[in-house]
1. Computed on alpha carbon atoms, what radius of gyration and Dmax characterise the stretch 103-202, expressed in Å?
2. Can you tell which of Phe309, Gln188, Cys259 lies farthest toward the positive end of the dipole of the chain, using +1 and -1 charges on the Cβ of basic and acidic side chains (Lys, Arg; Asp, Glu)?
3. Starting from the coordinates of the alpha-carbon atoms of the stretch 154-205, obtain the Kirkwood hydrodynamic radius over all distinct pairs and give the value in Å to one decimal.
4. Leaving ligands and nucleic acids out of the surface, order Phe5, Phe337 by accessible area at 1.4 Å, largest first.
5. In whole Å, what are the extents of the stretch 1-113 along the principal axes defined by its C-alpha atoms, from largest to smallest?
6. Sorting Ile196, Ile373 by accessible area (1.4 Å probe), largest first, what list results?
7. For the chain, give the share of DSSP beta bridges that are antiparallel, in percent and rounded to the nearest 5; count only bridges with both residues there.
8. What list of ³J(HN,Hα) values in whole Hz, one per residue of the stretch 334-345 in order, does the Karplus curve 6.51 cos²θ - 1.76 cosθ + 1.60 (θ = phi - 60°) give from phi, with Gly and Pro shown as x?
Amino acid sequence: MNGDFTLYTPTKVVFGHDAELQAGALIRAAGGTRVLIHYGGQSAVRSGLLSRVEAALDAAGLFHVSLGGVVPNPRLEKVYEGVALCKQHGVDFLLAVGGGSVIDSAKAIAYALAEPEYDVKDLYEHTRTPKACFPLGVVLTIAASGSEMSDSSVISYEDKKRGCNSDLCRPKFAIMNPALTATLPAYQTEAGCTDILMHTLERYFVNGSRMELTDAIAEGLLRTVMHYALVLRDEPENYAARAEIMWAGSLSHNGLTGCGNDAGDWSCHRLEHELGAMYDVTHGAGLAAVWGSWARYVLKNCLPRFKRFAETVMQVAPGATDEETAENGIAALEAFFRSIGMPTNLKELGVSPSEEDIRLLAHNCAIAVGGRIGSAMVLREADMANIYRMALN
């Protein structure tokens, strides 16, 4: 059954060797004149990437000021710091040099600058919706979040991890040089691959409308990421593998793999957001830790999709029943996660929530989603708590 959809992907992609050298020209073409270069830790400095980007901006005659220090699960405090710096220097364009955390932080700064009369936190609290956003571009260094082409950003504050979605924040361009990801630790690389898989799986496991071509694209992307995640496990400097993963990361979250397929499920992401807020875990690893428990909990409500996934993506042999086939597919993906060093439960993730913690996680998750979420199966607070319990070990 075909579904209606709108696909909007305005981001210009510049992909390949030394692509970061085009940063200045791309900002000029997008109308930027005074730039905030936003980045994370010292790796961008030590590798020489920041110097190359600054030289590219100098060559284009662009004023620029830098702000580093973005951490995983990016903090609202850093956003406020960036806003103040941009106002001080009259910045009109933001350049995120990093992965999803840096990009999301830059998006939040861009929202704040465009509507200075409001507190940007309101957007993540969902007490208002964005009406404007400063332009931004990306030099991508981590293939994972897909934020370089997506409409989403996620910010952490207080005891919360919350997202805001709007086409207004889609970057003007994304510079992707796969070689920039070669220095990533193995764990971070594989957590990124897991995040990419999950962005497509969240759109794949739905009840409702779907399109055969979209399914085929999604299934091809999933198989490709799994194959090259194993290649990178054994050959971390393999440029071709990093290129495949980097491009898959963008396509997994720019909307392509969800065209005509309901609105997506997104339960695992929401469950992980609460884990990230409480324990500051790596996002991809947190997703892997809850996925199997979620899948078994919702399986019977979305059995045809799980059966198709088992046979088409995981390529398992048919079982005696459709449910057995689907169960084997879930187990096969968990085995894959373990093969790349990802956890498949909370104990392996390194967290041990008490029963009180589980109730709080579920309560916060339910509040964040307005009481219910899911397409494979609609989850409410009690369901969320049950999945966390199942995921303990």
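The values are calculated or read from the model by the stated rules, or taken from the named source; none is laboratory data. Owing to the predicted nature of the structure, the values given are computational and were not obtained by experimental measurement. Cβ coordinates were reconstructed from backbone atoms using ideal geometry, including for glycine residues, and neighbour counts include every protein chain displayed. In case anyone asks, the SASA skips ligands and DNA or RNA and just uses the protein heavy atoms, side chains included. Shrake-Rupley method; radii C 1.70, N 1.55, O 1.52, S 1.80 Å.
1. In Å, with Rg to one decimal and Dmax whole: 14.5, 43.
2. With unit charges placed on the Cβ atoms, the residue in question is Cys259.
3. Numbers: mean 1/r = 0.0709 Å⁻¹.
The answer is 14.1 Å.
4. On the way: Phe5 105, Phe337 0 Å².
Of Phe5, Phe337, the descending order of accessible area is Phe5, Phe337.
5. Principal-axis extents of the Cα atoms in the stretch 1-113, largest first: 51, 33, 27 Å.
6. On the way: Ile196 0, Ile373 30 Å².
These residues rank, largest area first, as Ile373, Ile196.
7. Working: 7 of 31 bridges.
Expressed as a percentage, antiparallel bridges in the chain total about 25.
8. Once θ is set to phi - 60°, the couplings for the stretch 334-345 become 4, 5, 4, 4, 5, 5, 10, x, 9, x, 10, 7 Hz.
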